[in-house]
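Structure first, then comments.
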Amino acid sequence: MYDFIYVGAGIVNCLDACNEAFSGKSILILDKSDCIGGAWNSIAPFNSIQVENAVHYLLPNARAYRFIEFKLKIPLT
């Protein structure tokens, strides 16, 4: 039995899961990959250098903005 079950180990889910765990909640994160980060994992297009590929996933994302500002106490401008 878990308080929260997250499907996907992307950055927003991981941040929210950490917040809930710090609050004493039990969590479970499920992901098809063997590493966390979801779409934020770097990629090597055309076998070139590793690049970050997903900054745009937070733009626009009101839920992510609220989490960053109110839960993590990081002001956004």
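The values are calculated or read from the model by the stated rules, or taken from the named source; none is laboratory data. Predicted, not measured: the structure shown is a model, and the values here were computed from it. With ideal geometry, Cβ positions are generated from the backbone for all residues, glycine too; neighbour counts draw on all protein chains shown. Accessible surface areas use protein heavy atoms only, side chains included; no ligands, DNA or RNA. Shrake-Rupley method; radii C 1.70, N 1.55, O 1.52, S 1.80 Å.
Count of the range 21-60 residues, restricted to those that are open to solvent by 50 Å² or more (accessible area, probe 1.4 Å), part of a loop (DSSP other than H, G, I, E, B), at pLDDT 75 or above and over 15 Å from A9 (Cβ atoms), is 3. Confirm whether C18 is assigned to a loop (DSSP other than H, G, I, E, B), at pLDDT below 95 and within 13 Å of the chain's Cα centre (by Cα). Spelling it out, it is not the case that C18 is assigned to a loop (DSSP other than H, G, I, E, B), at pLDDT below 95 and within 13 Å of the chain's Cα centre (by Cα).
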